[in-house]
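Some notes on the structure that comes next.
The values are calculated or read from the model by the stated rules, or taken from the named source; none is laboratory data. Predicted, not measured: the structure shown is a model, and the values here were computed from it. Cβ sites come from the backbone with ideal geometry, for glycine too, and all protein chains shown count toward neighbours.
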Protein chains: 2
Amino acid sequence: MVARSERLLALLQTLRRYRRPVTGTVLAGETGVSLRTLYRDIASLQAQGAMIEGEAGIGYVLKPGFMLPPMMFSEEELEALVLGSRWVARAAEPRLASAGADALAKIAAVLPPDMRDMVDSATLFVGRKRQDEDKADVSAIRKAIRLERILELHYGDEQGRVSRRRVWPFALGYFEHVRIIMAWCELRQDFRHFRTDRIIDMAIDETRYPRRRTALLKEWRATQDTPIEQ
Amino acid sequence: MVARSERLLALLQTLRRYRRPVTGTVLAGETGVSLRTLYRDIASLQAQGAMIEGEAGIGYVLKPGFMLPPMMFSEEELEALVLGSRWVARAAEPRLASAGADALAKIAAVLPPDMRDMVDSATLFVGRKRQDEDKADVSAIRKAIRLERILELHYGDEQGRVSRRRVWPFALGYFEHVRIIMAWCELRQDFRHFRTDRIIDMAIDETRYPRRRTALLKEWRATQDTPIEQ
DNA sequence: GACACTGCTGCCATAAACTGTCAGCAGGAA
DNA sequence: TTCCTGCTGACAGTTTATGGCAGCAGTGTC
């Protein structure tokens, strides 16, 4: 009775592992089920909102994302999720902000009526809205951090001097109105901070930088006078 | 094939409606199912993490909370949820903050390995951590706002003058290090702001204040020079 | 254009599951 | 005690899921 939903999650997992299109036959084999049932499973997942695309002659691909299984949240946890999403929608860079708004809408859509007002509840985030638009793709920066990739920055500093640098990004700091990349700068052979809104242009090097980002973070922390949280 | 999971959600909904314990017989009647099956359904829900408590001779009660059905999130939406939860865990009042951390942990637990590092990913929230502990229960304040209940405040202002007031709270503002209750003050017959960390003592009046909180919010906005977001 | 490969749907017999009825045990309340 | 209730096991009937088959349509290759 729970076997089916588990199998569907396993199918999603399998689908996520492959980057290239996978044929139904392969998926059926991996989930240990007949081809006919696999087609039904795919249909079930799609009905539940999974973004699986199938093309005749090609196979199936899953658009990047993840299906959260049914989960129980306490009232406060839900409140935290809602408040957090609203903060992201308000304070993060535009692209992530709209993702936050989307996530919030998805959650609100399934909330019972008496809980839905939590979403548009009277919570205000104070301070003027940031106006400096990022030219750089902050999502790409975050991805570069996760994958420990070298960033090639075309950067203008406070004095307006423009420079090109190769840096090893290991953290992204959210200040009230700006976001700061913490990185090791190959040019200066030292830690340097870069405001995302001052990045003129940017490219991600496909090579991995030679250190672990957690080690860099730890080392960087040691250089700071006032400890920074999280 | 979808009937069962729908019935389980309906059962949760039903259970949520009642505040007092409900007997299995009643629940079976409302969901249109036999008592035996109801027991099986309850067991299923509990296995999925629902906090349902049953006691012989009493009935069932559902601890306040909500079960999110399976949902599909894009990579960015997930990132927004994670970042938002981390912000809450860092910036909100202690109780909500720990709820944020719990929610984050729940999500992290079901994330596939290659996405899990998103959670402890290098994101820093900058600014020193707030040290002023709230004496007041901010969760209760938020609840009072939602339910439009009168708050009786024992409050000390900037000059250290202590006063007692009855106020109609309609919004909670998150500043960088403090939280502010926006309310209509019965004493002053005007809008007033109260820092949560300056509340000495507090009680919630069970009577509803005579206006709608959205109307108060709208009116309050009109009195502000600089528009405040959200 | 022919062919191989694949997604997708309908049909149907079989296998698996869910469900209801019945019975019995255990714990709390009056 | 007696009643009410939660909880579990067993079993038959019902529903649902599954697998195999056939067929259609779209894609890429030769």
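What residue, of A:Gly127, A:Gly65, A:Gly54, is modelled with pLDDT under 90, within 16 Å of DNA strand D (Cβ to nearest atom) and surrounded by fewer than 20 Cβ atoms within 10 Å (Cβ to Cβ)?
Only one candidate passes the filter, namely A:Gly54.
Return a yes/no flag: does the stretch A:80-98 have any residue that is surrounded by fewer than 16 Cβ atoms within 10 Å (Cβ to Cβ), modelled with pLDDT of 90 or more and aliphatic (A, V, I, L, M).
no
Could you tell me which residue of the stretch A:27-49 is farthest from DNA strand D (Cβ to nearest atom), considering only residues that are of a type in the set (A, V, I, L, M) and touching a Ser or Thr at 6+ places or on another chain (Cβ under 9 Å)?
Ranking the qualifying residues of the stretch A:27-49, first place goes to A:Leu27.
Looking at the stretch B:7-25 only, could you name the residues that are part of a helix (DSSP H, G or I), away from every other protein chain (no Cβ under 14 Å) and surrounded by 15 or more Cβ atoms within 10 Å (Cβ to Cβ)?
Residue satisfying the conditions is B:Gly24 alone.
Within the stretch A:31-122, considering only helices (runs of 4 or more DSSP H) that don't extend past its boundaries, which have at least 2 residues that are hydrophobic (A, V, I, L, M, F, W, C) and more than 7 Å from every other protein chain (Cβ to nearest Cβ)?
In the stretch A:31-122, A:35-47, A:75-91, A:94-110 are the helices (runs of 4 or more DSSP H) which contain 2 or more residues that are hydrophobic (A, V, I, L, M, F, W, C) and more than 7 Å from every other protein chain (Cβ to nearest Cβ).
Anything in the stretch B:16-26 that is over 30 Å from A:Arg7 (Cα atoms) and more than 12 Å from DNA strand D (Cβ to nearest atom)? List them, or say none.
Passing the criteria: B:Arg17, B:Arg19.
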